[in-house]
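Worksheet: the structure to be examined is printed underneath.
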Amino acid sequence: MQHRKLKVGVICYPSLGGSGVVATELGLKMADKGHEMHYITSSKPFRFLDVHPNIQFHEVTIEGYAVFKYPPYDIALANCIAQVIESEKLDLLHVHYAVPHAISAILAKDMAESEIGIITTLHGTDVTILGRDPALKNTLSYGINKSDRVTAVSRSLRNETIELLHPTTAIQTIYNFIDEEKYYPRKNSHLREQLGLAPDERVIIHISNFRKVKRIPDIIESFRLIDRKHKAKLLLVGEGPEKFDLEEYTEENGLQDDILFLGKRDDLPELLSISDVMLLLSEKEAFGLVLLEAFACGVPAVATAIGGIPEVVQDGSNGFLVQLGDVQAVAARVTHLLSDPVLHQQMKEKAIQTVQEEFSSEAIVAQYEKLYYEVAAMK
């Protein structure tokens, strides 16, 4: 059975958030193994997948009808999934997020009168936000309970889902992973020059989608408190709804020369390789994929002890954990790291080791592939 190549329908958001990265990287790895991966999305995502012969896209088209105030995307998605199930003879569906994707997949299965198996991967906000909304809680439970297998990207998320929803379908933890061939330490002195960094300046970095949940004001305040005997710059990488206010705040406080807003970047491994410390001070974080990206490039982290973060950051080993909102502690830990080159080097090495030993793509893709074969055998 496990020698047969599978046809897998993948339903995900066409963006490069954490779930999009995982859906993309997993699809590439599975395609490299010879499996046929069919992405069913509202718009064509991740252009670099185009060139792979084992990856196909099926775009969901949404017609506008006067009777609808809002176009019914979930219905259009279900219709497209049903068509692909039939036309491509899919072996299973892998959906990222329970709402709306699992709901659409379940409907599509019925529409196609198929016995196809459904795997739903929970990434965080589908549970941590929707699971607490009375208007959507039953819908979320339905999507999980009607799935054949459910995975969560951390033990924390798995436990929170069980506590909130008491699902009848078992939930398995399968961690996120990154492409180690892309994320590794680089030598980039030219990038330091491009960014106007002095040779003796230290670099603190944060990468996110600039939402309130990321607590970027805490990052800026922590940076202000770092011992000024260390010349340092803060790199804020990303776009999002909070960016304008943060830029304004930075200028009002005279920090614009020390805090660089870099926008979205395609050279994250290079940026991480010139960085000394990663800050992730979120109030909610199911996993924190950016931590693995930093670790793979040899960047230790100072992060909040919430959600799935403590499953990645080992306090005092590959970084430090702090309590939410404790900017004094953040500043103290960063100052300590920048002041102790021996400790910093030890943490750099441990960070790389963490990715290699605990979150290797080979081991995690193998877990998903095993799950794929189990679900395909249920048809």
(request) Pull up region 7-21, narrow it to residues that are in contact with a Leu (Cβ under 7 Å, 6 or more places away or on another chain) and of a type in the set (A, V, I, L, M), then point me to the one that is modelled with the highest pLDDT. (result) V8
(request) Return the only residue of Q345, Q356 being assigned to a helix (DSSP H, G or I) and within 22 Å of the chain's Cα centre (by Cα). (result) Q356
(request) For L191, state whether it is of a type in the set (A, V, I, L, M) and farther than 30 Å from T335 by Cα. (result) no
(request) Hey, can you tell me all the residues within region 88-118 that are more than 25 Å from A135 (Cα to Cα) and part of a helix (DSSP H, G or I)? (result) E88, M111
(request) May I ask you to say which residue of E193, E163 is of a type in the set (D, E) and closer than 30 Å to E247 by Cα? (result) E193
(request) Kindly indicate whether A363 is among the aliphatic types (A, V, I, L, M), in contact with a Ser or Thr (Cβ under 7 Å, 6 or more places away or on another chain) and part of a helix (DSSP H, G or I). (result) no
(message) Residues to consider are V313, V277, V302; find the one that is within 14 Å of T354 (Cβ to Cβ) and either in the same structural domain as K212 (by TED's automatic domain parsing) or surrounded by fewer than 22 Cβ atoms within 10 Å (Cβ to Cβ) (or both).
(response) V313
(request) Tell me which residues, restricted to region 320-337, are in contact (Cβ under 8 Å) with a residue 60 or more places away in the chain and under 11 Å from A301 (Cα atoms). (result) V330, V334, L337
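The values are calculated or read from the model by the stated rules, or taken from the named source; none is laboratory data. Remember, it's a predicted structure, so these values are computed and weren't measured experimentally. Positions of Cβ are generated from backbone atoms using ideal geometry, with glycine treated the same way; all protein chains shown enter the neighbour counts.
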